Amino acid sequence: MLALTPALKEVKFLIPYVVFTAFSYFFAKDGLSYASPLVFMAFRYLIAGAVLLAISRRLILTRSLLALSLLTATSTAFWSYGLLYVSPAESAVLSYSMPLFSLPIAFLLISEKPSGMEIGGIVVGFAGVVLYGIPLMSGFTLLGMVLTLVNAFFWAAFTVYYRKIKDQDPVAVNATQFLIGAAIMFALSPISFRLHFTTAFLEDLLWMATLGGALQFFLWNSMIRISRVNRITVLAFSVPIFTIILGVAMSGEIPTIYSIAGVAVMFTGIFLSRMKGGISFIRPGRNGKK
């Protein structure tokens with residue numbers, strides 16, 4: 001069999017990741033009508049961690065994994081509390097400020113120096129997200145916006161941590177990440193405990209724990225392991241693009257001019273980030289070598 005190139009490996013992981021992530025915003029929003037954020041996400045993490053532990057049969061208990069778990073649980077907590085105040089579509093728009101945060105964090109934490117094309121792709125892609133979100137901006141609440149933006153920062157941070165520990169077994173990494181995160185959120189859940197078991201809640205929980213949890217995080221971790229953070233995070237702009245396509249396919253609703261323009265700009269950002277030969281921000285030495 002022919003070995004897949006890194007670019008083809010990215011696509012192999014990207015396509016299911018985009019599909020599962022786009023649906024997860026809606027399942028999470030619905031699930032929060034039956035349980036408080038920390039309770040819902042604690043059960044999500046517990047089930048996802050148990051599934052992955054059954055596969056990996058081991059945990060990785062190191063300082064790096066503890067830090068990763070804290071960052072991930074914090075990101076999820078802020079995201080889920082933000083969903084109480086914004087719609088799934090609004091949450092998606094705000095969350096995709098993440099690549100803007102990942103760029104400096106990757107530089108500071110793992111010394112990943114961005115190329116000019118990567119910076120351009122991230123900036124242009126985010127401009128597309130802003131265009132896409134213009135019709136939604138009137139519905140933002142300040143609290144929901146702040147909570148979701150803080151989530152984007154911590155999402156960027158734990159994404160960079162994935163790259164930092166890329167040599168570790170990804171299944172064991174995600175199993176540990178989820179189980180430690182579940183313990184943290186269960187410990188904090190009495191702060192605002194609310195739980196109402198229904199069939200609908202169980203459906204939401206099972207999606208968020210499996211396809212929207214264990215598999216979604218594994219796919220994201222796998223992409224980050226095979227390529228640079230800035231190259232991968234810009235691909236996250238594919239999620240709002242797919243969301244528009246999904247809306248057209250499911251409801252026949254014609255997207256607004258802002259949505260169409262936003263998609264075009266996001267595609268441009270992704271394209272720019274994949275171009276080679278961009279300006280590097282690494283200073284050459286005296287002999288011209290980097």
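Structure summary
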item	result
Meets criteria (open to solvent by 20 Å² or more (accessible area, probe 1.4 Å) and farther than 12 Å from Leu179 by Cβ) for Arg58	no
Close pairs from region 190-212: first modelled with pLDDT under 95 and open to solvent by less than 50 Å² (accessible area, probe 1.4 Å), partner assigned to a loop (DSSP other than H, G, I, E, B) and polar (S, T, N, Q), Cβ under 6 Å, at least 6 apart	Ser192/Ser36
Residue list for region 18-41, filter: among the polar types (S, T, N, Q) and open to solvent by 10 Å² or more (accessible area, probe 1.4 Å)	Ser33
Unmet requirement for Glu118, which otherwise passes all of (1) surrounded by fewer than 23 Cβ atoms within 10 Å (Cβ to Cβ); (2) of a type outside the set (S, T, N, Q); (3) more than 22 Å from Ala183 (Cα to Cα)	(1)
Residue within region 98-105 that is in contact (Cβ under 8 Å) with a residue 40 or more places away in the chain and closer than 19 Å to Gly31 by Cα present	no
Matching residues in region 1-17 - criterion: being modelled with pLDDT under 90, open to solvent by less than 60 Å² (accessible area, probe 1.4 Å) and closer than 28 Å to Leu205 by Cα	Glu10, Phe13, Leu14
Matching entry among Ala187, Ala152 (being open to solvent by less than 30 Å² (accessible area, probe 1.4 Å) and either under 20 Å from Ala92 (Cβ atoms) or part of a helix (DSSP H, G or I) (or both))	Ala152
Failed item, numbered, when Trp220 is tested on (1) more than 21 Å from Ser80 (Cα to Cα); (2) open to solvent by less than 50 Å² (accessible area, probe 1.4 Å)	(1)
Matching residues, region 259-290, being aliphatic (A, V, I, L, M) and at pLDDT 50 or above	Ile260, Ala261, Val263, Ala264, Val265, Met266, Ile270, Leu272, Met275
Flag for Arg44 being under 21 Å from Asn221 (Cα atoms), open to solvent by 30 Å² or more (accessible area, probe 1.4 Å) and among the charged types (D, E, K, R)	no
Selected residue [under 24 Å from Thr256 (Cβ atoms) and modelled with pLDDT under 80] from Phe126, Phe140	Phe140
Check on Thr176, within 19 Å of Leu219 (Cβ to Cβ) and open to solvent by less than 10 Å² (accessible area, probe 1.4 Å)	yes
Residue within region 66-74 that is closer than 21 Å to Leu195 by Cα and either open to solvent by 20 Å² or more (accessible area, probe 1.4 Å) or not charged (D, E, K, R) (or both) present	yes
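The rows are residues; the columns are (1) modelled with pLDDT under 90; (2) not in a loop (DSSP other than H, G, I, E, B).
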position	(1), (2)
Leu65	no, yes
Leu70	no, yes
Thr74	no, yes
Val86	yes, no
Glu90	yes, yes
Pro99	yes, yes
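The values are calculated or read from the model by the stated rules, or taken from the named source; none is laboratory data. None of these values were measured; they are calculated from a predicted model. Backbone-built Cβ (ideal geometry, glycine too); neighbour counts: all protein chains shown. We work out accessible area using only protein heavy atoms, side chains counted, and drop any ligands, DNA or RNA first. Shrake-Rupley method; radii C 1.70, N 1.55, O 1.52, S 1.80 Å.
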